[in-house]
């Protein structure tokens, strides 16, 4: 009973109209809600500014560590000087060129970033993608990155230790919703005081007189939400710009190098061994010689397989009469060479297509092309004669 009376007294105190600012009457709960919205907005704004200051200090230390390395790289690289006559001579260029090493830059950054809580984890992952390459024994090793720094140093992960980006982006909507909630509570309090007494409605005068004050929390919530939105966008814009600048400097210190994967060699349709086609060269004669060598190697391999097949067939069959020997040899040679000639013809057709494709860079006369074909036919004829001769001697 006592607790019920205390709750009733508390509700009466909260629902009682109070005039605080400019003669506006509003229930006590509305003024409490407006003060709470204003306090929450100021508190989170101070927290956001404090976190922004901490993150800017971290990025400033990062920037001050990377920027000297970039300047040293720019001074030592010749590509940065477009007009040598207009470039200012450095006071000690030889010393800068000798002392700047990629491994030393990596050691400096590793020592600085490992002690930064907001960057240590991302730096550990990014460092695993760095590759050391030394083109010659008398040159200093060069450090390349296989992936961009933006793939590891995300802005959300960088701010996670100090600021909750998702919460601050939803805070303006939350402030607006709280203001509307207290407004409807104030309207509910005003409507609860209306009573019908016969033909007369009591409490209407109090509802109409205090109607303007019931929107105090909505006005305060909208004002705080808009002010916080402007502050939030300003903070994110400044931090993201500084964050992008630091990552671009890091990519400049360790440039990204694409890893080329070798392509798979094509296969002949007849099941012959694979032939690796070399990259296109400027010298058309060298390229044509390589193509002919590749095509002839497959042809010689096919003829060698035919020779082994004839030898095996000869060893398995019983001896024949000397009168039927030439006819049998011709028959066996014809039957053995019939499946072998198909890859030879395909190789000749492939050679013809290769020569036609390279006609723009290689200029050969008709006599030279016919000489290549005669040489190819002579190789095939010699291989056939050797097979027949081997068969006859057997």
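Computed from the coordinates by the stated procedures, all read-outs in this text should not be read as laboratory data. The structure displayed is predicted, hence computed values, not measured ones. Reconstructed Cβ throughout: ideal geometry from the backbone, glycine too, with neighbour counts over all protein chains shown.
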inquiry  = Only counting other Cβ atoms within 10 Å, I'd like 182, 152 sorted with the fewest neighbours first.
reply    = 152, 182
message = Between residue 244 and residue 39, what's the calculated FRET efficiency when r is the beta-carbon distance and R0 is 25 Å? Round to 0.05.
response = 0.10
key: Contour minus Cα-Cα distance for residue 16 and residue 104 (0.36 nm per residue)   = 24.4 nm
note = Ordered by fewest other Cβ atoms within 10 Å, a rough proxy for footprinting exposure, 49, 249 read 49, 249
message = Among 214-225, 32-43, how do they line up by average Cβ neighbours within 10 Å per residue, starting with the highest?
response = 214-225, 32-43
ask   = Rounded to the nearest 0.05, what FRET efficiency is calculated for residue 381 and residue 257 with R0 set to 51 Å and r the Cβ-Cβ distance?
value = 0.45
